[in-house]
Amino acid sequence: MISPAGGPPPGDLSLRERKKLRTREALADAALRLFTEKGFDATTLDDVVDAVEVSKRTFFRNYSSKEDVALAPEKELWAGYAVEIAACPLAGPILTVYQEALAVTLAGMDPSWERRFVASRRLAEATPSLTAHSLQHCADITRAVVDTVAARLGPDGPERVQLHLPLELMVAAWRWALKEWSETGDDPGREALQARMSEAFGAIPPSMALTVNAG
């Protein structure tokens, strides 16, 4: 199981770290609930910290902004992905390596994660500032993952563009899967997300081989 911060599992944390983790999770849960009920723009940081009965100082020790806490489940996933990419075997087609690492990361997320994630995704899709923040975070993670893979492969490895483009392709397929998943019913589960992800990844090779003739 991957911790929300992308670090060691909760059972490996000290008492102080577990308390901090609980506070972080409570802030994210309260924020997502309030953003969903009241709207992202209409909810203030005071509303969020009051709901958890902590100070703004405590909030800013855990999150940098409203956007940051609203996208916490997404950032948890990609933090876990970065950890997996740093440790997984780098063998075979790089696109397959990227896809398998995401599948492993998704399977290892906390059992309550997808409930928070679907709420976060629906907010992001309805809120331009969150969409922009999500895209920027994705770009940052993409660069970091390519840096990690390039460093692991060493100076004789492939050009960065050869590492970067397959990752961008996977992320595009992932975003398609997310949109399909978050729009299917009130409570889509992890199995439904995994199915959409497999469908999207499976569509990559025939899509790349597609030829058209509008005549």
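Name the helices (runs of 4 or more DSSP H) wholly inside segment 145-215 in which the number of residues that are open to solvent by less than 30 Å² (accessible area, probe 1.4 Å) and either modelled with pLDDT of 95 or more or hydrophobic (A, V, I, L, M, F, W, C) (or both) is 3 or more.
160-182, 190-202
Quick one: in segment 41-64, of everything that is of a type in the set (Ser, Thr, Tyr) and more than 21 Å from Arg22 (Cβ to Cβ), which residue is surrounded by the most Cβ atoms within 10 Å (Cβ to Cβ)?
Once the filter is applied, the top-ranked residue is Thr43.
Any residue in segment 40-55 that's polar (S, T, N, Q): show its pairings with residues that are part of a helix (DSSP H, G or I) at Cβ separation under 7 Å, as long as the two are six or more apart or on different chains.
Thr43/Leu34; Thr43/Phe35; Ser55/Val49
I need the full set of residues from segment 98-120 which are open to solvent by less than 10 Å² (accessible area, probe 1.4 Å) and without any contact (Cβ under 8 Å) to a residue 40 or more places away in the chain, in order please.
If the condition is that a residue be open to solvent by less than 10 Å² (accessible area, probe 1.4 Å) and without any contact (Cβ under 8 Å) to a residue 40 or more places away in the chain, then Ala101 is the only one that fits.
Filter segment 65-97 down to the residues that are open to solvent by less than 50 Å² (accessible area, probe 1.4 Å), of a type in the set (Gly, Ala, Ser) and closer than 26 Å to Arg190 by Cα and list them by number.
Those that are open to solvent by less than 50 Å² (accessible area, probe 1.4 Å), of a type in the set (Gly, Ala, Ser) and closer than 26 Å to Arg190 by Cα: Ala70, Ala72, Ala79, Gly80, Ala82.
Being basic (Lys, Arg) and within 16 Å of Tyr81 (Cβ to Cβ) narrows it down to one residue among Arg160, Arg152; which is it?
Matching residue, one of Arg160, Arg152: Arg152.
The values are calculated or read from the model by the stated rules, or taken from the named source; none is laboratory data. Given the structure is predicted, the values throughout are model-derived calculations rather than measurements. Cβ coordinates were reconstructed from backbone atoms using ideal geometry, including for glycine residues, and neighbour counts include every protein chain displayed. Remember, those area values only see protein heavy atoms, side chains included, never the ligands or the DNA or RNA. Shrake-Rupley method; radii C 1.70, N 1.55, O 1.52, S 1.80 Å.
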